[in-house]
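Notes for the one structure printed next.
The values are calculated or read from the model by the stated rules, or taken from the named source; none is laboratory data. What you are looking at is a predicted structure, and each value in this text was computed from that prediction instead of being measured. Here the Cβ positions follow ideal geometry from the backbone for every residue, glycine too, while neighbour counts run over all protein chains shown.
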Amino acid sequence: MLNDEESFIDFKIPSEWIYRGEGNCNIVLSLPKTGKILRIRKTNKPNSLIGWLIVWISDFIFWYFGKAIEDEERDLKFYSTVMRPLIGRKYTSEAMQVILTRKQIKILENELGKYRPEFRKHKILQYGRASIFNDFAFIPQEECDYLPFKMSEDTFAIEIKPKQAWRSLSEKHFPACVFCMNQYMKLGNKRINTISGYCPEDLFSGDVSKMKNAIKCLIKVPQNNFRVFKNGILVYGEQTKPEFFNIVHSLFSNIDDKLDRLIDEFSELVVKSLVTNVMNVDFPDNCEEKRFCEWNKIIQDSNINSVLPRGCVLEKILSIQMLDTEGCSYYDKLLNQENSSDWKYINKLLDRIDNKDVCLKCIIMMLGNTNHREEEMDLAFVPYLISAIAKDCSIMISLKKILEDVCDLEMKNIIKTKYGNFLVNVGVFDLYPKRLSSIKKHRQRNKSILQAYLKARKSKSNE
């Protein structure tokens, strides 16, 4: 039984909050006065009396046994112990678990109804599952305080969901990348109206021309992969899509130029932000399996041929995607031989990780390549599941224009453009663990999108 005064800290939601958005598993609220975001877990909405009874029982279990609190603690420990070191602490936020009361949850659900898209309303807020993170739509104050020059009061932030750029062994024969093929299935299911020209493999290619074109494709057809915020408020995205000229015109402090030139410079600014190495961290010298660390060696045998600077945010994400060398087909077959729970692997992985100065990627890869005893079989799926997180994460680039001439100043967090110089901060989020059963879901998805793509290509060739 929980001791309410000792086991958790109650959290009062500020009166001012902004609906930032939601994915399949979480709703995110911006708390502008604190510079934080509140992430609340979602669960399926009951569609029967029995379903609502189950929800009531779950709420009771939460209060009496603390099950939801333990699940959230587990996920946050995974985030802090595994994902933050892999991505880099410079690119990620600290996290703090908070507890919302039943009354707060109900008030929020009522208020959120007018903001949430209809296709997301089949899920409701889950009781007992909430955490606080830094809001990457703003540049942290400590990044600004030490700088001896004036900056704009406005902060622009570009959110990109880059998606999968790495093809594992079972996907190398695909005629196109998973994202590009998935566009045809989404179009057939009427989830989108227009095929996007964006390709993740272009964004991660290291080829500046291809990368800039990828950004321009996101601007043209943002879907849920591209959004722009001004002072934490959404100003451009799939549902909020004014003339992009207004966005870049304001970002560059009302510079008058042709739209295509402004967009070209905007795209270059974004690309520079994504490839700037702010980490200055290499893998440990005592790494036992350097072939796993030297992921460029793997890339040379792939179709990506990347030249991304080591330590930049795209390199960090891509290197984690590359932990999956086999693909979901292999792991789905392995999964069919086991009766494993969705989340058991997390605690087993955390138990295996210690504080030794050894590359975390090596530990993960060795788990996937070792013949495990039956009681450790869950660990064999770890490389794929961690890779899947990196294939579905989000990047936020926040920008403040510098109002003074700093042309002679060389700093990694200052990006120079034709229309002025910008202080830049880059953050990565949506780094929560995937359930084991997602492997089967991904396997079926790949099969479906390949069928949809081939059908569309065949139909086009017959026209």
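May I ask you to say which residue of E159, E171 is under 30 Å from L323 (Cβ atoms), out of contact with any strand residue (DSSP E or B) (no Cβ under 9 Å at 6 or more places or on another chain) and modelled with pLDDT of 85 or more? When all the criteria are applied, what remains is E171.
For the stretch 338-361, how many residues meet the condition of being at pLDDT below 75 and either surrounded by 14 or more Cβ atoms within 10 Å (Cβ to Cβ) or within 21 Å of E326 (Cα to Cα) (or both)?
Applying the first criterion (at pLDDT below 75) to the stretch 338-361 yields 338-340, 354-359.
Subset that is either surrounded by 14 or more Cβ atoms within 10 Å (Cβ to Cβ) or within 21 Å of E326 (Cα to Cα) (or both): 338-340, 358-359.
Total meeting the criteria: 5.
Across the stretch 115-143, the qualifying residues are those that are surrounded by fewer than 14 Cβ atoms within 10 Å (Cβ to Cβ), out of contact with any Gly (no Cβ under 9 Å at 6 or more places or on another chain) and more than 30 Å from G197 (Cβ to Cβ), and the one among them that is modelled with the lowest pLDDT is E142.
For the stretch 114-150, the candidate set comprises residues that are in a loop (DSSP other than H, G, I, E, B) and of a type in the set (A, V, I, L, M, F, W, C); within that set, the residue that is nearest to F429 (Cα to Cα) is F136. Apart from one condition, M185 fits all of (1) within 22 Å of L308 (Cα to Cα); (2) assigned to a helix (DSSP H, G or I); the exception is (1). Under the condition of being without any contact (Cβ under 8 Å) to a residue 40 or more places away in the chain and either among the aromatic types (F, W, Y) or surrounded by 16 or more Cβ atoms within 10 Å (Cβ to Cβ) (or both), the residues counted in the stretch 188-209 number 6. Figure legend. Inter-residue proximity from the stretch 378-399: first residues among the polar types (S, T, N, Q), second residues assigned to a helix (DSSP H, G or I), beta-carbon distance below 6 Å, spacing 6+ or different chains. Indicated pairs: S387/Q321.
Of all residues in the stretch 362-371 being part of a helix (DSSP H, G or I) and either touching a helix residue (DSSP H, G or I) at 6+ places or on another chain (Cβ under 6 Å) or more than 18 Å from S387 (Cα to Cα) (or both), which is modelled with the lowest pLDDT? The qualifying residue modelled with the lowest pLDDT is G368.
So if I check each of G66, G88, which one is at pLDDT 90 or above and either surrounded by 14 or more Cβ atoms within 10 Å (Cβ to Cβ) or closer than 27 Å to K161 by Cβ (or both)?
After applying the criteria, what remains is G88.
Look at the stretch 343-361: where a residue is closer than 17 Å to L76 by Cα and a partner is acidic (D, E) and modelled with pLDDT under 90, sitting 6+ places away or on another chain with Cβ atoms under 6 Å, you get K344/D378; Y345/D378; K348/D378.
The single residue among S168, S152 that is surrounded by 15 or more Cβ atoms within 10 Å (Cβ to Cβ) and either charged (D, E, K, R) or touching an Asp or Glu at 6+ places or on another chain (Cβ under 6 Å) (or both) turns out to be S168.
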